[in-house]
Amino acid sequence: MSQKRKPKKPIAETFGVTQLYRMFPDEESCWRWLENLRWGGTPVCPHCGSCEEGDIKPPPPSKPHHHWCKPCRKHFTATTGTVMHSRRRPLQDWIYTIYSVLTARKGVSAMQLSKELDCHYRTAWYMLHRIREACGSGTFTLSEVVEVDETYIGGKEKNKHASKKLKAGRGTVGKIPVLGMRERSGRLKAMPVAAVNKVTLQGLITDNVEAGTTIYTDEHGGYEGLAGLFYGHESVKHSVKEYVNGLCHINGVESVWALLKRSIHGTWHHVSPKHLARYVNEASFRLNEGNVSIDTIERMESLVRSIVRTDRLPLAKMTADNGLSRHVQGVA
Ligand SMILES: [Zn+2]
């Protein structure tokens, strides 16, 4: 008797750096790709939204990608108003960076990128952070079955220099909590949180998870009362070494923490609390878009679409104090 074979998963088309440069051999090809993704052929003025026939003057040969809008009398390009606004590096470098961010399983460090692009460390750092900002622009909500858990990012007290020790105990002291919500099908939302109390955690859950969803958590007090918020709620009791109870477990979201910590430990090395949210964005985006059946070019297109809808991020805004002033180094 012949056994029924499982249908094979479609295999995504991936390509190496050589192929990437064959696809984007010059600035012109990069601009064509970007303009097509942003406007689909007809340029739209990002200042006033005008796109009527005759409103947009075609670019002059001296500035091949600079359009001019008649109604508002302003110039613009496909990068105007986005995180790539005022970029100093060629577009080809941005495309290489996008490719690297998406294909490196544990991310890419600014130091490594600066060597590959032959640029200053600060330039690479700024480019990566602007791409990370765009990674967090997804507005989807989670549904059906969602695992929720929190983790703590930061160095161990015992490894810190005497001057940096908080002398307030061990464990989660001096670390930044990160909340993660992951659908059983794989989509993830994660963000650093100021506190792990009921108000903060449940506020974020109601913002990001649709009512009627079944939520699985551990027995952390911050999740108590979720059943009263139009969710089905079950928890596993880690304190008595219960990790799976029927369908209830949080192994999916816990595997995300393992990956995030490996990226911090193995690639980024040092993550400032100010910028932690963006690193979490990057790890989440890679996981959400990292499905084996999605081609690399489709993942790049998806990230570029996020980039063009993300407002520019001036350095002052990026480095502004976000209230998380504690220092984070290494991994818990
Ligand atoms: Zn205009």
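Where a number appears in this text, it was derived from the coordinates with a stated rule and is not lab data. As the structure is a prediction and not an experimental result, all values here were calculated from the model. Virtual Cβ from ideal backbone geometry, glycine too; neighbours counted across all protein chains shown.
Can you bin the chain into rounded, prolate or oblate? Criterion: square roots of the alpha carbon gyration tensor eigenvalues sorted a ≥ b ≥ c, rounded for a/c under 1.5, prolate for a/b above b/c, oblate for the rest. Since a/c reaches 1.5 and a/b is larger than b/c, the shape of the chain is classed as prolate. Extending 7 Å from the Cα toward the beta-carbon at both His270 and Leu315 defines two label points whose distance is 1.7 nm.
Shown in residue order for segment 97-113 are the 3J(HN,Hα) couplings computed by the Karplus curve 6.51 cos²θ - 1.76 cosθ + 1.60 at θ = phi - 60°: 5, 4, 4, 5, 4, 7, 9, 7, 4, 10, x, 10, 8, 4, 5, 4, 5 Hz (x for Gly and Pro). Rounded to the nearest 0.05, what FRET efficiency do Ala195 and Met23 have when you use their Cβ-Cβ distance and R0 = 45 Å? The value I calculate is 0.45.
Sequentially through segment 27-38, phi angles give Karplus couplings (6.51, -1.76, 1.60; θ = phi - 60°) of 4, 4, 5, 5, 4, 4, 5, 5, 4, 5, 5, 7 Hz, Gly and Pro residues having no value and appearing as x. The local environment of Ser284, defined by Cβ-Cβ distances under 13 Å, has a net charge of +2 under the rule Lys, Arg +1 and Asp, Glu -1. Remark on segment 145-318: hydrodynamic radius 17.8 angstrom, per the Kirkwood mean of 1/r across alpha carbon pairs. Calculated [222 nm] ellipticity per residue, helices only, for the chain: -10000 deg cm²/dmol; basis is -39500 (n - 2.57) per DSSP H run with n ≥ 4, divided by all residues, nearest 500.
Each part gets one Cα centre, and for segment 187-236 versus segment 263-282 those centres are 24 Å apart.
For the chain, set up a Gaussian network in which alpha carbons nearer than 10 Å are linked by springs, and say which option among Pro64, Pro192, Pro314 fluctuates the most. Comparing Pro64, Pro192, Pro314 in the GNM, the peak value goes to Pro64.
The residues packed around Glu13, meaning those with a beta-carbon under 10 Å from its beta-carbon, carry a net charge of -2 if Lys and Arg are +1 and Asp and Glu are -1.
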